[in-house]
Amino acid sequence: MSDPSTERIRPGRLDEADALNELTKRSVMHWGYDPAFLEWEPEAITVDRPFMERAITFVLERDGVVIGYYALVEQPDGLALDKLFIDPPWIGRGYGRRLWDHAVAEAGLRGFRSITFYADPNAAPFYRAVGARFIEEIETSWPGWRLHSFIHEF
């Protein structure tokens with residue numbers, strides 16, 4: 001479980017884009033994907049300066065080291081959770097839930113009452129556990145891989 005005395009959630013900085021991009025890749029590969037998966041739809045997972053400039057990004061630090069982050073993006077129809085990733089050594093320790101709760105609170109502070117998002121099938125159980133409502137599976141061009149669509153209303 002997390003130890004709040006050594007951690008904090010703070011806004012992400014533009015100069016952290018490369019580090020967040022690498023954290024994302026490590027997190028995706030944790031689930032056993034073929035490395036080619038990272039190149040399949042790179043815009044879906046890439047974190048770069050242009051992404052950081054348009055996203056609402058918060059990072060979770062433990063002892064001054066970023067171990068996870070999330071990004072919210074305003075869409076024409078509302079707010080979307082675009083990314084929520086934890087560095088693999090920290091998966092399963094409550095940090096994803098901590099970031100999720102922060103993202104929901106941040107969305108509420110900005111006047112939103114729901115968050116929509118797409119999730120990797122490996123992350124779907126987490127999102128169900130935190131109260132998001134599953135909408136549908138979406139067929140993709142990656143063989144045997146379906147994207148999961150969710151909404152969380154609060």
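Under 1.5 on a/c is rounded, so check that first for the chain, then, if it is not, pick prolate when a/b is larger than b/c and oblate when it is not; a ≥ b ≥ c are the square roots of the alpha carbon gyration tensor eigenvalues.
rounded
Tell me the relative contact order for the chain as a rounded percent, counting alpha carbon contacts under 8 Å between residues six or more apart.
The value is 19 percent.
Considering only Ala119, Ala36, Ala44, give the residue with the highest GNM mean-square fluctuation for the chain, with springs between Cα atoms whenever their separation is below 10 Å.
In this elastic network of the chain, the residue with the biggest mean-square fluctuation among Ala119, Ala36, Ala44 is Ala36.
Near Tyr118, within a Cβ-to-Cβ distance under 12 Å, what is the net charge of the other residues, with Lys and Arg +1 and Asp and Glu -1?
Neighbour charge sum, excluding Tyr118 itself: -3.
Out of every Cα pair in region 85-141, what percent are spaced more than 16 Å from each other?
Distances greater than 16 Å cover 50 percent of the Cα pairs.
Antiparallel as a % of all DSSP beta bridges within the chain, to the nearest 5?
If we restrict to bridges inside the chain, about 95 percent are antiparallel.
Loop-only check: which chymotrypsin sites (Phe, Trp or Tyr not before Pro) in region 28-66 are DSSP coil with at most 16 other Cβ within 10 angstrom?
Filter output for region 28-66: Trp31, Tyr33.
So, counting K/R as plus one and D/E as minus one, what does the shell of residues with Cβ under 13 Å around Arg54 add up to?
Residues close to Arg54 contribute a combined charge of -3.
Does region 23-71 come out rounded, prolate or oblate, given a ≥ b ≥ c as the square roots of the eigenvalues of its C-alpha gyration tensor, rounded meaning a/c under 1.5 and, failing that, prolate meaning a/b above b/c?
Oblate.
Ignoring any ligand, DNA or RNA, what whole percent of the accessible area of region 26-154 comes from carbon and sulfur when the probe is 1.4 angstrom?
52 percent
Using Cα pairs closer than 8 Å and at least 6 residues apart in sequence, work out the relative contact order for region 57-97, in percent.
30 percent
Any idea of the accessible area per residue across the chain, 1.4 Å probe, to the nearest Å²?
Spelled out: the 1.4 Å probe surface of the chain, per residue, equals 53 Å².
The values are calculated or read from the model by the stated rules, or taken from the named source; none is laboratory data. Small disclaimer: the values here were computed from a predicted structure and weren't measured. When we count neighbours, we look across all protein chains shown, and the Cβ atoms used for this are built from the backbone with ideal geometry, even at glycine. Please note that ligands, DNA and RNA were not included when accessible areas were found on the heavy atoms of the full protein model with its side chains. Shrake-Rupley method; radii C 1.70, N 1.55, O 1.52, S 1.80 Å.
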